[in-house]
Amino acid sequence: KDALARFCRDAKTVGLQINWQPVGPIAENTALVVPGNDVTADSKVVLEEFAFDAHEDPLVKTIAEWLANKALPQDGEYAYWRQKLPKSLVILPENAFRDFTQFSTEVINRIRLEHETKTVAEGALWSEEHLPTDTLLYAPLFATKPRTDKSKLPQGWQGTAQEVLDFVKNLGLDRIQLGGDETVGRGLVKLRFS
């Protein structure tokens, strides 16, 4: 519930309209699911080695449909997720959500070898933590008016924060790369401005 509540606060701050209230299970061994979902078996939700009692809540479907329509990209390549999310959203208890976010990310231990000797280079052991593929991220985008002389602004600009936001939105960015390992295709993020 805390993550959903924070999302609602951030959305309100940027003027995004939300038609639902944050909801979360009361008991530690329960999970809220969409009525008629495709993730329960024998009234249980099993995620990795953890089983939760599934409690159907119509508000979960409202949240899932809102996310599918307002948060996910609307092009064809995300049609699968827009259809799946309203049937598969699971809202976990706070402690379980925290544990999954802390301990269910992929951690890869890496080393750099000395080219000639093929031995580990000094100080060249590190760990990388990766978000699961298809993770949904959000980031509020804020702007202030440009802090420059108006004569240096693009022609026709009045020097407003909205012009800065519109400029960023109209850059035509479809995907960006976050973090390291861009040469091996990691950190690619599909963008959607709302």
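The values are calculated or read from the model by the stated rules, or taken from the named source; none is laboratory data. All of these numbers come straight from a predicted model, not from anything done at the bench. Here the Cβ is made from the backbone with ideal geometry for all residues, glycine too, and neighbour counts use every protein chain on show. Accessible surface is based on the protein model in full, side chains and every heavy atom, while ligands, DNA and RNA are left aside. Shrake-Rupley method; radii C 1.70, N 1.55, O 1.52, S 1.80 Å.
Key figures for this structure:
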read-out: Longest DSSP-loop-exposure-free segment, chymotrypsin sites (Phe, Trp or Tyr not before Pro), the chain, at most 15 other Cβ within 10 Å; value: 1-137
read-out: Charge tally in the Cβ shell below 10 Å around Trp126, where Lys, Arg are +1 and Asp, Glu are -1, Trp126 excluded; value: +1
read-out: Rounded, prolate or oblate (a/c below 1.5 giving rounded, otherwise prolate when a/b exceeds b/c) for region 119-194 by Cα gyration tensor; value: prolate
read-out: The chain, accessible surface, carbon-and-sulfur percent (1.4 angstrom probe); value: 53
read-out: Region 10-35 residues near the modelled Arg147 label - backbone nitrogen below 17 Å, point 7 Å along Cα→Cβ; value: none
read-out: Protection-proxy order for peptides 104-110, 31-37, each taking the mean of Cβ atoms within 10 Å per residue, highest first; value: 31-37, 104-110
read-out: For region 1-70: relative contact order, % (alpha-carbon pairs under 8 angstrom, 6 or more apart); value: 29
read-out: Pairs from Lys169/Lys190; Lys12/Lys150; Lys12/Lys70; Lys61/Lys84; Lys70/Lys190 whose Cα-Cα separation, in the structure shown, is over 20 Å; value: Lys12/Lys150
read-out: Spread of Cα-to-Cα distances over 5 Å intervals beginning at zero, given as percent, for region 1-108; value: 2, 12, 20, 21, 22, 16, 6, 1, 0
read-out: Alpha carbon centroid spacing (whole Å) that separates region 67-99 from region 147-168; value: 36
read-out: Prolate/oblate/rounded call for the chain, Cα gyration tensor, a/c under 1.5 rounded; value: oblate
read-out: Accessible surface, the chain, averaged per residue in Å² (probe 1.4 Å); value: 70
read-out: Length-normalised contact order of region 47-194 in % [C-alpha pairs under 8 Å, at least 6 apart]; value: 15
read-out: Loop sites in region 136-194: trypsin sites (Lys or Arg not before Pro), DSSP, at most 16 other Cβ within 10 Å; value: Arg147, Arg186, Arg192
read-out: Charge tally in the Cβ shell below 14 Å around Gly180, where Lys, Arg are +1 and Asp, Glu are -1, Gly180 excluded; value: -1
